[in-house]
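Q: Sharing a structure, written as structure tokens. Questions coming.
Derivation of every value follows stated rules applied to the coordinates shown; laboratory data play no part. This structure is a prediction, so every number in the text was calculated from the model and none was measured. Please note: Cβ atoms are built from the backbone with ideal geometry, for glycine as well, and neighbour counts cover all protein chains shown.
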Amino acid sequence: MHIENHPILGKKLQEPVTIYYNDLPLQAFKQQSVAAALMANGVKQLGVSRKLIQPRGVFCSRGRCYSCYVTVNGEDHVRSCMKKVEEGMEIYPNLEDPEVRSDKHGD
């Protein structure tokens, strides 16, 4: 569900892009946050909590709560409410803690 003609902001979502969530192609629009694009495509669970392993999703939509972490183009723990979509972006849910002890992180 996308707002095509907002009464105050007008027609902001004009340029469609394709993003991939768990390798599934989804339609989004430039100027949309990753969280908004996923929600518009019916994706509500963005990962699981670290301690209780419960579903996580968008909570504050302002970048303050860190509940909407996803992996974007291989970068772990990106706040989806603060990141704008780009053509061909690959997004995966954060289902576990990031791997920090590996060659790509200098260990």
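Q: Out of [x] 14.2; [y] 14.6; [z] 15.8, which label holds the value of Kirkwood radius over Cα pairs in Å that was computed here?
A: [y]
Q: Let me ask you something else. Students often get this wrong, so check it: of LYS12/LYS44; LYS44/LYS84; LYS12/LYS84; LYS11/LYS44, which have C-alpha atoms separated by over 21 Å?
A: Exceeds cut-off: LYS12/LYS44; LYS11/LYS44.
Q: Now, a different point. Mind giving me the nanometre distance, one decimal, between the label points for CYS65 and VAL48, set 7 Å out from Cα along Cα→Cβ?
A: 2.0
Q: Hey, with R₀ at 25 Å, roughly what FRET efficiency would LYS30 and ASP76 work out to, going by the Cβ-Cβ distance, to 0.05?
A: The pair LYS30/ASP76 has a calculated efficiency of 0.55.
Q: With 10 angstrom as the radius, rank VAL48, VAL85, VAL34, VAL58 by how many other C-beta atoms surround their C-beta, starting from the fewest.
A: Ascending number of Cβ neighbours within 10 Å: VAL48, VAL58, VAL85, VAL34.
Q: Are there chymotrypsin sites (Phe, Trp or Tyr not before Pro) in the range 44-97 that DSSP marks as loop and that have at most 15 other Cβ atoms within 10 Å, and which are they?
A: Here the chymotrypsin sites (Phe, Trp or Tyr not before Pro) that fit, given the DSSP loop and packing criteria, are PHE59, TYR66.
Q: Could I ask something else about it? What does the net charge come to around GLU4 if you take all other residues with beta carbon closer than 10 Å to its beta carbon, with K and R at +1 and D and E at -1?
A: +2
Q: Just rank ILE91, ILE8, ILE19, ILE53, fewest to most, by other beta-carbon atoms within 10 angstrom.
A: Final ranking by Cβ density, sparse to dense: ILE8, ILE53, ILE19, ILE91.
Q: Quick one: order SER33, SER49 by neighbouring beta-carbon count within 10 Å, fewest to most.
A: Taking fewest neighbouring Cβ atoms as first place, the list is SER49, SER33.
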